[in-house]
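Structure first, commentary second.
The values are calculated or read from the model by the stated rules, or taken from the named source; none is laboratory data. Remember, predicted model here, so these are calculated numbers, not experimental data. Every residue, glycine as well, gets a Cβ built from its backbone with ideal geometry; the counts of neighbours run over all protein chains shown. Side chains are part of the model used for accessible areas, which takes the heavy atoms of the whole protein and leaves out ligands, DNA and RNA. Shrake-Rupley method; radii C 1.70, N 1.55, O 1.52, S 1.80 Å.
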Amino acid sequence: GENVEQHPSTLSVQEGDSAVIKCTYSDSASNYFPWYKQELGKRPQLIIDIRSNVGEKKDQRIAVTLNKTAKHFSLHITETQPEDSAVYFCAASGSSGTYKYIFGTGTRLKVLA
Amino acid sequence: DTAVSQTPKYLVTQMGNDKSIKCEQNLGHDTMYWYKQDSKKFLKIMFSYNNKELIINETVPNRFSPKSPDKAHLNLHINSLELGDSAVYFCASSSTGSNTEAFFGQGTRLTVV
């Protein structure tokens, strides 16, 4: 069945360093890949997304890359700050007509001041 | 002005009871979802609805019965609550299908004692 694997499960970085989170999806029909940030006790919120016709997308300190052939996509956060500490989820969704997001298992990111 | 709101935020109840969680979105979206987040933070799809019609029922026990009186509302009723039902339940909505951003409610933390 559809599956999204996410690594690592926890990640600690020093403030100012970069953080990379990687995901692999199984359904080759997936064409939409959002990333969500969930702070403690809060709702997941979209931070960036990418579609299958794009290889890379950047928004200030956050970037996402997609390799459709390998079915991999990654989140890159540069110049990390303590407020980046949260759980990050990748997700994959199929073509139009699909009505579910398959989420990865989450990465707990800790940015050490 | 809250986009996706769900009530209650906290729910503590005894085993065997029946409870409901309500969800409303004012974004004009066609698609609504229920996700369950367990203690390990996994986000798992339970149901999705499009224009009041059930699209996905992801092998959820039939003690869980969603109801969508109109496309802005998706409620979740749970019968005969069990200890294993303890989790955070998130309602979400998206424009049409899952190839665009999902907006999440603030979550309902259900504790069954």
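Points to keep in mind about this one:
- Low-density loop positions, GluC sites (Glu not before Pro), region B:1-100 - DSSP coil, at most 14 other Cβ in 10 Å: B:GLU58, B:GLU82
- Estimated buried accessible area (total), pair A and B, 1.4 Å, Å² to nearest 100: 2100 Å²
- Within straight-line cross-link reach of A:LYS42, aspartates and glutamates at Cα separation under 15 Å, skipping those fewer than 8 residues along the same chain: A:GLU83, A:ASP84, B:ASP38
- What a 1.4 Å probe finds exposed on region B:3-113 is 51% carbon and sulfur by accessible area, rounded to a whole percent.
- Length-normalised contact order for region A:1-99 - Cα pairs under 8 Å, 6+ apart - percent: 35 percent
- Solvent-accessible surface of chain A, taken per residue with a 1.4 Å probe and all protein chains present: 49 Å².
- Solvent-accessible surface of chain B, taken per residue with a 1.4 Å probe and all protein chains present: 47 Å².
- For region A:50-113, the relative contact order works out to 24 percent when only alpha carbon pairs closer than 8 Å and six or more residues apart are counted.
- Given A:LYS22/B:LYS9; B:LYS9/B:LYS40; A:LYS68/B:LYS36, the pairs whose alpha carbons are separated by over 27 Å: A:LYS22/B:LYS9; A:LYS68/B:LYS36
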